[in-house]
Structure formats: C-alpha cells, structure tokens
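Following: one structure in structure tokens, then a few remarks.
The values are calculated or read from the model by the stated rules, or taken from the named source; none is laboratory data. Note that the structure is a prediction, hence the values are computed from the model and not measured. Cβ placement follows ideal geometry from the backbone for every residue including glycine, while neighbour counts extend to all protein chains displayed. Each accessible area value is taken on the protein alone, full model and side chains, heavy atoms only, with ligands, DNA and RNA left out. Shrake-Rupley method; radii C 1.70, N 1.55, O 1.52, S 1.80 Å.
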Amino acid sequence: MELIINGKSQELDARTIQDVIEHYGLAGKPVVVEADGVVLKADQWADTEVHPRMPIELVHFVGGG
C-alpha cells in the first residue's frame, strides 16, 4: 500500500501504524507518530489502521553530540 511517510511516497505492506513502526525498526524506541494530522499514543498504534496515501510523520530521537 502506498503511504506518505515523512513527506515521501513509500510502498509498504502494512495494515496498522504498528506495522509501519516495525517496518522501520523503531519498535521499542522513543518515537512520536502523527497520522492524518493526529498525534497517536503508543497504545493506539496497533489499533490504528492505515489507508492508501495516508500521511504519517515519524519522529524518533537519536543520542549523540
């Protein structure tokens, strides 16, 4: 399914936001997710289904200096 991840079109085999998080290897890491303009809590990811061309913003934090 085509999704818009951080402004770029991506073809992913995903049904939920949790699937998207796992695809990018971000499960268990500090991540902020906005889907269709709504910020989601981590406990909502597995229940939030994605739809074609859904805009999703993923923000994850990286340590370092």
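Close Cβ contacts (under 7 Å, 6 or more residues apart or on different chains) running from residues in the range 46-65 that are more than 15 Å from E34 (Cβ to Cβ) to residues that are part of a helix (DSSP H, G or I) and open to solvent by 70 Å² or more (accessible area, probe 1.4 Å) are absent. Within the range 6-24, one or more residues are of a type in the set (K, R) and in a strand (DSSP E or B). H23 falls short on exactly one of the conditions (1) under 17 Å from M1 (Cα atoms); (2) touching a Lys or Arg at 6+ places or on another chain (Cβ under 8 Å), and that condition is (2).
The residue that is nearest to S9 (Cα to Cα), among those in the range 37-65 that are hydrophobic (A, V, I, L, M, F, W, C) and surrounded by fewer than 14 Cβ atoms within 10 Å (Cβ to Cβ), is V59.
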